[in-house]
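No lab work stands behind these numbers, since they all come straight from the coordinates. None of these values were measured; they are calculated from a predicted model. Cβ placement follows ideal geometry from the backbone for every residue including glycine, while neighbour counts extend to all protein chains displayed.
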Amino acid sequence: MTVEQIVFYVFATLTILSALGVVTVRNSVQAVLCLVLTFFSAAVLWMLLEAEFLAVALVLVYVGAVMVLFLFVVMMLDVDFASLKQGFTRYVPLGILVAIGLLIGLYWVLRGEVFGLEAMPEPAKHAADHSNVETLGLLLYTDYFYAFEIAGVILLVSIVAAISLTFRGRRERRGQSVPSQHRASKDERLHIIKMDAEVAQDDESETDDSEKAAGKNRDQTKGETS
């Protein structure tokens, strides 16, 4: 067994175990960390397939930005997961049927006749000056152009749906009005008001008490000197 095969089996096993941890652990923060480990392991597998650009993009975009954002959101939001899991047992039969359907679909797609060594032989090694970025761009904008655009539209719809679900109507909050600021004149910007000095009642009582105490001290000093 070569070193490449050992690395593949190690990180493939790690990918499967971490993916199972995402859906099995109870702590949501640990689930996010398991998903981060899954992305790292998948990036190593892509490196073995000489897809360096996809591996780097997976680490930088998903692990470095998206998953870190998910982690902060999960840690900052006080989500009551116990109330969300109430009534879970009612949907267990439906979940089992969906799981069986997914397993059948995965077997039908990943069976030996489709992904076997005869149908998909080992890809040939590329030269050192080969650019997988150029190859990926040619595939995305030629053979898979419609699928690429449909995926972009689906992501746009999901963003709009998330914004519409979190929006709770118009919020009355203060903000800057640049046109009104530009229309303001010098007289409207500064108002000078002249006010007479006033002494508060508490300040006057404190002043009287201090003067009486000072007078008593002076009388005591005079008595001692006499």
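For a modelled paramagnetic label at His126, 7 Å from Cα along Cα-to-Cβ, the residues of segment 134-154 in reach, with backbone nitrogen under 12 Å, are 134-139.
The modelled label-to-label distance for the pair Lys194/Val10, using points 7 Å beyond Cα in the direction of Cβ, is 8.6 nm. Protection proxy ranking, highest mean first, for peptides 178-191, 137-150: 137-150, 178-191, where packing is the per-residue count of other beta-carbon atoms within 10 Å, averaged.
Using C-alpha pairs below 8 Å separated by at least 6 residues, the relative contact order for segment 1-83 is 27 percent.
3J(HN,Hα) along segment 69-75: 5, 4, 5, 5, 5, 5, 6 Hz, from the Karplus curve 6.51 cos²θ - 1.76 cosθ + 1.60 with θ = phi - 60°, whole Hz, x for Gly and Pro. The peptide list 20-28, 126-134, put in order of mean Cβ contacts within 10 Å with the highest first, becomes 20-28, 126-134. Diagonalising the gyration tensor over the Cα atoms of segment 1-83 and scaling each eigenvalue by 5 before taking the square root yields semi-axes of 28, 16, 6 Å, largest first.
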